[in-house]
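Written out below as structure tokens is the structure these notes cover.
The values are calculated or read from the model by the stated rules, or taken from the named source; none is laboratory data. If you're wondering where the values come from, they're calculated on a predicted model, not measured in any experiment. When we count neighbours, we look across all protein chains shown, and the Cβ atoms used for this are built from the backbone with ideal geometry, even at glycine.
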Amino acid sequence: MHFLSPIIENYIAEHSDSEPILLQELTRETHLKVIQPRMITGHFQGRVLSMLSKLINPKTILEIGTYTGYSAICLAEGLQKNGTLHTIDINEELNAMQKRYFDKSGYGNQIIQHTGNALDIIPQLDLVFDLIFIDAEKTSYNDYLECVLPKTKPGTVILSDNVLWSGKVVEPLSPKDKATKILMEYNKKIKEDPRLETVLLPIRDGLTLSRVK
Ligand code: SAH
Ligand code: CA
């Protein structure tokens, strides 16, 4: 679903930085070879992630949901010189393709790939993150948030993607639709959470920006 008219969306994309060639290639290969290519971050949102990361200039980034690596590369663009990005995906079949693009991007040495359930892996990471991007299974968003909060400090930025879920969060809820129900609860909870300051940005499918107090 488009929240804005396609004409305005095109205008916005045309007046934002161009999509790097490598990310255009990654998008093409994802559409040719990988299932559910609509999950990939696109041109405009990718540039937003890159810009936010550059403004934050993190030393440590955590990404939950690597997929083919598009958003990881965008976020890595803002890393400090000696910084690292940890990215987790449950699907090991994606590992080789991610690695190939991470190496081509020049951030291969700074990106650490983890394979498995994020809820098992995060507690084992003895790190504090400056920037966290939550973009895996929507029905687990509450669990991811609770799992990452012990790995934050005041000022850590937490981004949660797809929180408008194609607009379903404002439509009548179908009883079988677990993802929408949980995202509605998540959006309410993250706004009310006394540990966080939060703004929901209407970027693409909805991107919530929270800051740990
Ligand atoms: N961030 C990517 C898109 C992620 S799509 C981009 O913008 O390009 C969501 C990914 O989350 C899928 O690749 C899926 O395999 C992964 N995933 C789903 N459940 C997970 C879990 N519990 N732990 C880690 N990864 C998970
Ligand atoms: Ca997403």
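Go through segment 183-206 and count every residue that is assigned to a loop (DSSP other than H, G, I, E, B) and either away from ligand 1 (no atom under 16 Å from the Cβ) or among the basic types (Lys, Arg) (or both). First the steps, then the outcome.
Let us first name the residues in segment 183-206 that are assigned to a loop (DSSP other than H, G, I, E, B), namely 193-195, 202-206.
Still in the list and also either away from ligand 1 (no atom under 16 Å from the Cβ) or among the basic types (Lys, Arg) (or both): 193-195, 202, 204.
Count: 5.
So which residues in segment 63-93 are in a loop (DSSP other than H, G, I, E, B) and away from ligand 2 (no atom under 16 Å from the Cβ)? Talk me through it step by step, then tell me what you get.
At the first step, the residues of segment 63-93 found to be in a loop (DSSP other than H, G, I, E, B) are 65-69, 77-83, 90-91.
Hits for segment 63-93 are GLU77, GLY78, LEU79, GLN80, LYS81, ASN82, GLY83.
With the condition kept exactly as written, say whether any residue in segment 96-106 is in contact (Cβ under 8 Å) with a residue 24 or more places away in the chain, within 16 Å of ligand 2 (Cβ to nearest atom) and surrounded by 18 or more Cβ atoms within 10 Å (Cβ to Cβ).
Checked against the condition, which is being in contact (Cβ under 8 Å) with a residue 24 or more places away in the chain, within 16 Å of ligand 2 (Cβ to nearest atom) and surrounded by 18 or more Cβ atoms within 10 Å (Cβ to Cβ), segment 96-106 yields at least one hit.
For a quick check of your reading: which helices (runs of 4 or more DSSP H) sit entirely within segment 1-61 and have at least 3 residues that are modelled with pLDDT of 95 or more and under 20 Å from ASP103 (Cα atoms)?
Working: elements: 6-14, 21-33, 43-56.
The qualifying helices (runs of 4 or more DSSP H) are 21-33, 43-56.
Checking PHE44 against (1) farther than 30 Å from GLU171 by Cβ; (2) within 16 Å of ligand 1 (Cβ to nearest atom), only one condition comes out false. Which one?
(1)
Would you mind telling me which numbered condition in (1) more than 19 Å from SER210 (Cα to Cα); (2) over 12 Å from the mean Cα position of the chain (by Cα); (3) among the hydroxyl-bearing types (Ser, Thr, Tyr) TYR67 fails?
So the condition that TYR67 fails would be (2).
So which residues in segment 50-62 are in contact with a strand residue (DSSP E or B) (Cβ under 7 Å, 6 or more places away or on another chain), of a type in the set (Ser, Thr, Tyr) and within 16 Å of ligand 2 (Cβ to nearest atom)?
Passing the criteria: only SER53.
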